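Have a look at the structure below, then the notes.
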Amino acid sequence: MIPSRLTEILRGRKVIYITVKNADYIRTLQFRRVLLEYALESLVISSEKAGPISRVFDLRRRLRHIDLTYYDVIIVGFLPQLIWKFIRKKAGTSSPLFVADFFLSLYDTVVLDRKYIGTGNPLSGYLESLDRKVLEEADYVLTDTKADADFFGLEILGYRRSDIEPFYLEADSSIYKASLEDEKTYLATEEAEYLQDKRTFEVLYFGTGLPLQGIDVVIEAYLILARKYEGRDIRMTYIGGLDGALQHIAERYSSIDIMPWLSQVDLAKRIRRADLCLAGHFADGDGKQDRTIPGKAFIYEAMNKKMILGDSRANHEIFIEDENHHFVRRGDSEALSKAIETFGWKQ
């Protein structure tokens, strides 16, 4: 769902979207589609470098050759704080509309979520000031959820701007498909025989290993079920980054598959095979894990997959309990394992 204010801003205008993230990231692809639909002319500038700091230097180098004064609207995304000052200066005395796609807060991520530094550290105050500068100077601010819009406004800016709005993620439907026509096309591939003949109930989770995802909860739930049903018709797949110790334990069980990160096309194939998908976030707490909706939930939704979600404020903004969506207490691997049994496999 696109906020009406955003469509008004984009319609019939020349827009550049600059993001401190890679080209195939779910948010980058989402903005590319939106700009193609609404803007008169658009350009998307992203970076394939490995980390945010490297991406910032890459973007600064590439932006030297781009005239920002040509554009009516400048949108800065993912971590706008890291390149905001440079872009504002480069835009000079021109008066474009500045939009911040405030997808991540530096203070929230580095200090509160990942706890790299404490709240009393002088650097934490600096990170918060970078957040605040963007929130103060942007003409319009987008976030990923209403819960984050409230947090960024009240806790970082100090007051709730009425024009801080959620712009929920949306999966790329050209990759993540669920229609009958798409299924027929898919069933004509080499996976057809597997899908038609399989008797095993398949559970799937993918993630990067960030603390808020609660991957320890997922793996422990898998282990509970593996010990209980080893040799039975259930297979649990984990795709992505995993701590070596957890991987070593999980690999002892034949019903658990640990896989490396996949391309989006291959990931879509694996999701299509799954009978039940785990969305999350599963980490306990009232911080970022409670205010954000996992991107994988939007992918599962696009593919019409049955999913288990963490019981969080953010997830309740757009999902309700029904035949395809089940909420589970976060931080509780026993509750997650029971949900897999009752909501998915054994019901």
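Each reported figure results from applying straightforward, stated rules to the coordinates on display, with no laboratory input. Predicted, not measured: the structure shown is a model, and the values here were computed from it. FYI the Cβ positions are ideal-geometry reconstructions off the backbone, even for glycines, and counts take in every protein chain you see.
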Check: Rounded if a/c is under 1.5, else prolate if a/b beats b/c, else oblate: with a ≥ b ≥ c from the C-alpha gyration tensor eigenvalues square-rooted, which is the range 1-139?
Finding: prolate
Next item on the list: Could you pull out every one of the aspartates and glutamates with an alpha carbon less than 14 Å from that of Lys133, ignoring same-chain neighbours closer than 8 positions?
Entry: Asp101, Glu155
Next item on the list: Give me the compactness ratio for the chain, meaning the Cα radius of gyration over 2.2 N^0.38 Å.
Entry: 1.05
Note to self: Give me the percent relative contact order of the range 58-103, please, defined on Cα pairs under 8 angstrom at least 6 residues apart.
What the structure shows: 50 percent
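For the range 224-347, compute the orientation-averaged projected area of the C-alpha convex hull (one quarter of its surface), in nm².
7.7 nm²
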Check: DSSP loop trypsin sites (Lys or Arg not before Pro) in the range 1-70 with at most 14 other Cβ atoms within 10 Å of their Cβ, which ones?
Finding: Arg64
Margin query: To check you understand DSSP bridge types, tell me what percent of the beta bridges within the chain (both residues inside) are antiparallel, rounded to 5.
Written below: 5 percent
Next item on the list: Could you sort out which of Lys228/Lys269; Lys146/Lys338; Lys14/Lys146; Lys21/Lys146 sit more than 26 Å apart by Cα distance in this structure?
Entry: Lys228/Lys269; Lys146/Lys338; Lys14/Lys146
Next item on the list: For the range 259-347, state which trypsin sites (Lys or Arg not before Pro) are in a DSSP loop and have at most 12 other beta carbons lying within 10 Å of their beta carbon.
Entry: Lys346
Notebook entry, point to check: If we count every other residue with Cβ under 9 angstrom of Val15's Cβ, Lys/Arg +1 and Asp/Glu -1, where does the sum land?
Noted result: 0
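Normalised by the number of residues in the range 4-166, what is the relative contact order in percent for Cα pairs under 8 Å and 6+ residues apart?
Relative contact order, the range 4-166: 18 percent.
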Notebook entry, point to check: For the range 93-147, which trypsin sites (Lys or Arg not before Pro) are in a loop by DSSP, counting at most 12 other Cβ atoms within 10 Å?
Noted result: Lys115
Next item on the list: For the range 334-340, just list the computed ³J(HN,Hα) in residue order, Karplus coefficients 6.51, -1.76 and 1.60, θ = phi - 60°, integers in Hz, with x standing in for Gly and Pro.
Entry: 5, 5, 5, 5, 5, 5, 4
Notebook entry, point to check: Could you give the longest part of the chain that holds none of the GluC sites (Glu not before Pro) found in DSSP loops with at most 15 neighbouring Cβ atoms within 10 Å?
Noted result: 49-189
Item checked: Within the chain, helix-based [θ] at 222 nm, where runs of 4 or more DSSP H residues each add -39,500 (n - 2.57), nearest 500 -> -10500 deg cm²/dmol
